[in-house]
Each structure stands twice: as structure tokens, then as C-alpha cells.
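Report on one structure; see the data block that follows.
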Amino acid sequence: MLFLWKILRKLSEEKLVRSFKGVRGGYELARPAKNIRVSEVLAAGRDGDQMGRCVLGLDKCDDQDPCPLHSQWKHLRKQMERRFQVTTLADLVRDLKAAPQKRRRALAARKLSA
């Protein structure tokens, strides 16, 4: 429970959630979900730049002294960072709600083709 409290406290410090004390207290988003980017949530939760780290976990890995996967990871990391910057919490919820319908359609299509 302490771990969760630390996460929520950090999100509160970053003005992503609001906390309410008391018997009916709790947490809620500080802004509408459509106005909170995934990149903001990830940045609030990181101890340093996790995405900028070497994919193999090496201490020394950069353009001058690359690991074997450096160039591939660098490209993929940039794509992921761009995706996180344009994706909102509302987008994630919408995609989660759509997922069961997509699965049902895929199962139905398989049954028809069998």
C-alpha cells in the first residue's frame, strides 16, 4: 500500500491527480482524461530517463560507444516517445472499451472461416 501511496503522491505533485481527505476521500484526475497525455504520467513516475537508457542495461551506451542494439533501440524509442506524447488517458480508455468487441468480431470471423 505504501508503494501505491508514493505513486499517487508523485502524480498529485505533478498536478495529474487531486486527493481528498476524510472518510469519503480518495483520488481523482486533476484534469479531464482527454487533457492528460501518457507522456506526462510516465514522466511523473520515472526516476530519471528510463527510455533513454541502454536497452541491454549497459552503463556506457551512446552514439559514440553504442551497444549492439543501440541504433535499433534509438529509432524505436523515438517512435514510442512520439506515440506517448499524442496518446491521452481518454484514448487508452476508449481502446480498452473497444478491445472486447474486436476480440468477439475476430472469434466470429474465425468460426465462419472454419
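Bear in mind these aren't lab numbers, they're just calculated from the coordinates by the rules spelled out. What you are looking at is a predicted structure, and each value in this text was computed from that prediction instead of being measured. All Cβ positions, glycine included, derive from the backbone under ideal geometry; neighbour counts span all protein chains shown.
Here's how it looks for residue 17: its modeled amide H is under 5 Å from those of 12, 30, which are all 5 or more places away or on a different chain.
Loop-located trypsin sites (Lys or Arg not before Pro) in segment 6-114 (DSSP state not H, G, I, E or B) with no more than 16 neighbouring Cβ atoms inside 10 Å: 15, 21, 24, 46, 53, 60.
Straight distance only, please: which lysines reach the Cα of residue 60 with their own Cα at less than 19 Å, same-chain residues fewer than 8 apart left out? Cα-Cα hits under 19 Å: 74. Per residue, the chain reaches -18000 deg cm²/dmol at 222 nm when only DSSP H runs of four or more residues are counted, each adding -39500 (n - 2.57). The reciprocal of the average 1/r between distinct C-alpha atoms defines the Kirkwood hydrodynamic radius, which for the chain equals 17.5 Å.
Dimensions of segment 48-113 along the principal axes, based on C-alpha atoms and rounded to the nearest Å, stand at 54, 30, 16, largest first. Build a GNM of the chain with springs between Cα atoms under 10 Å apart, and of 12, 71, 39 the one that fluctuates most is 71.
Legend: helices of the chain (whole DSSP H runs) are marked when their alpha-carbon atoms reach 20 angstrom or more along the helix axis and their mean Kyte-Doolittle hydropathy is at least -0.5; nothing is marked. Extending 7 Å from Cα along the Cβ direction at residue 35 and again at residue 107 yields two label points whose distance is 3.9 nm.
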